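Accompanying notes for the structure given below.
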Amino acid sequence: MIRWAMRKLGVEEWLVLAVLSMYTGAKTVVRTVYGNSSGFEVKVGMQQGSAFSPLLFVIVMEAISRELSGLTLGAVVC
């Protein structure tokens, strides 16, 4: 979704690849009162607490908004 959104907004490919490389192969653990789980790869979603997450959210929402504004849905969206 991030790749599609960035390309839809005309972001240069080198920057798209740089952003995607930050999330490719990301690993995490789940922390509980009983201890941490084994590490596992994160395949979807954003890193919580990342300062970059709000910007990526806006990029995706802007791309979706532009995509939907080009559709004829038979209804008025205000």
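Each value in this text was obtained by applying a stated rule to the coordinates, not by laboratory testing. No experiment lies behind these values; they were computed from the predicted model shown. Positions of Cβ are backbone-derived with ideal geometry, glycine not excepted, and every protein chain shown enters the neighbour counts.
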Stretch residue 57-residue 24 to full length: gain in nm at 0.36 nm per residue minus the Cα-Cα span?
10.1 nm
What is the angle, in °, between the Cα long axis of helix 13-23 and the longest principal axis of the Cα atoms in the chain? Nearest 10 is fine, range 0 to 90.
40
When the helices in the chain are scored as -39500 (n - 2.57) per DSSP H run of 4 or longer and the sum is shared across all residues, what 222 nm value do you end up with, to the nearest 500 deg cm²/dmol?
-14000 deg cm²/dmol
Among 54, 39, 11, the residue whose Cα sits farthest towards the positive end of the charge dipole of the chain, when +1 is placed on the Cβ of each Lys and Arg and -1 on the Cβ of each Asp and Glu, is 39
For the chain, the longest principal axis of the Cα atoms and the Cα long axis of helix 53-69 enclose an angle in degrees, to the nearest 10, of 30
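Going by average Cβ neighbours within 10 Å, how do the peptides 60-66, 24-30 rank, with the highest at the top? List each step's numbers first, then the result.
Working: 60-66: 13.7, 24-30: 10.4.
Listed from highest to lowest mean packing, they are 60-66, 24-30.
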If amide H atoms are built 1.01 Å from N in the plane of the peptide, which residues on other chains or at least 5 residues away come under 5 Å of the amide H of residue 42?
26, 27, 28
Would you work out the Kirkwood radius for the stretch 2-69? I mean one over the mean of 1/r across all pairs of different Cα atoms, in Å.
13.7
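At a threshold of 8 angstrom on Cα-Cα distance, excluding pairs fewer than six apart, so keeping six or more, what relative contact order does the chain reach in percent?
Details: 48 pairs, mean separation 25.6, N = 78.
The normalised contact order for the chain reaches 33 percent.
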Using the crude model of +1 on Lys and Arg Cβ and -1 on Asp and Glu Cβ, and no other charge, please compute the dipole size for the chain relative to its Cα centre, in debye to 20.
180
The stretch 20-59 residues near the modelled residue 68 label - backbone nitrogen below 17 Å, point 7 Å along Cα→Cβ
57-59
Loop only by DSSP, 12 or fewer other Cβ within 10 Å of the Cβ. Give me the chymotrypsin sites (Phe, Trp or Tyr not before Pro) in the stretch 1-70 that pass, ordered by residue number.
34, 52
